1. State to the nearest 20 debye the size of the charge dipole of segment 27-174 about its Cα centre, where the only charges are +1 on K and R beta carbons and -1 on D and E beta carbons.
2. Please list, in order along segment 149-161, the HN-Hα scalar couplings obtained from phi with the Karplus expression 6.51 cos²θ - 1.76 cosθ + 1.60 (θ = phi - 60°), rounded to whole Hz, x for Gly and Pro.
3. Relative contact order (percent) for segment 105-192, with alpha-carbon contacts under 8 angstrom and 6 or more residues of separation?
4. Over the chain, with every protein chain in place, what whole percent of the accessible area is carbon and sulfur at 1.4 Å, could you tell me?
5. If you plug each phi of segment 21-29 into the Karplus form 6.51 cos²θ - 1.76 cosθ + 1.60 with θ = phi - 60°, what whole-Hz ³J(HN,Hα) values come out, in order, with x for Gly and Pro?
6. Place +1 on the Cβ of every Lys and Arg and -1 on the Cβ of every Asp and Glu in segment 129-175, take the dipole about the Cα centre, and give the residue among Ala136, Thr166, Val153 whose Cα lies farthest towards its positive end.
7. Express the relative contact order of the chain as a whole percentage, based on alpha carbon pairs under 8 Å and six or more residues apart in sequence.
8. Working from the pairwise distances between different alpha carbons, so that the mean of 1/r is found and then inverted, what is segment 120-192's Kirkwood radius in Å?
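The values are calculated or read from the model by the stated rules, or taken from the named source; none is laboratory data. The shown structure was predicted, so the numbers you read here are calculated from the model rather than taken from an experiment. Cβ atoms come from the backbone with ideal geometry, glycine included; neighbour counts cover every protein chain shown. Side chains included, ligands, DNA and RNA excluded: accessible areas come from the protein's heavy atoms. Shrake-Rupley method; radii C 1.70, N 1.55, O 1.52, S 1.80 Å.
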Amino acid sequence: MLDTANYTPRLKVAYADTIRAAMKEEFGYKNEMQIPKMEKVVLNIGCGAEAVRDSKKAKSAIEDLTKIAGQLAIGTKAKKSHAPFRLREGMIIGSKVTLRGDRMFEFLDRLITIAMPRIRDFRGVKPSFDGRGNFAMGIKEHIVFPEIEFDKVDEVWGMDIIMTTTAQEFGEHTADAQAKALLKHFNMPFTA
């Protein structure tokens, strides 16, 4: 059994031991506080029309996201009513969860080392940064995570993953370039 009191995630240890030093050398930071770090990871499953037809689908998405994250996911509600879609304001149409600290590092480790290799025809992740050092990616099937039992899944959901870093512009280096370097040190398989 895992002793959680004395357990530190593998990527958190790697960040403290090697990645910080490598980033400092690569970008020439003068101060330790300038070195970018992972702030949070937000996971989102949008059910859309499926949740409108059957409210159990949204509950299923919340349960699956809770299993994947290891933390309780919450339902996302519709902000406006939309009659053609039979969507009412306040109706649960998806789920989301925000991971920080040890759970964030654990999720990143499982995503990079276990889930991504299980994706069919996987050729890497396209770098998709927002200009402020935050990275977003999508997964078409949430069943690539080992926590999800394929036999018990009633619906296969797509999933959005947003990784927020503390990267800021530094000299001639953009926040995106620093965030990409940080994620590369975590072994994120970028295509370019």
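1. Details: 24 positive and 21 negative charges, 102 e Å.
Value, rounded to 20: 480 debye.
2. With the stated coefficients, segment 149-161 comes to 7, 4, 5, 9, 7, 9, 8, 9, 9, x, 9, 9, 10 Hz.
3. Numbers: 107 pairs, mean separation 31.4, N = 88.
Computed over segment 105-192, the figure is 36 percent.
4. 51
5. 5, 5, 5, 4, 5, 5, 9, x, 5
6. So the residue furthest toward the plus end is Thr166.
7. Details: 309 pairs, mean separation 50.6, N = 192.
Relative CO of the chain lands at 26 percent.
8. 13.9
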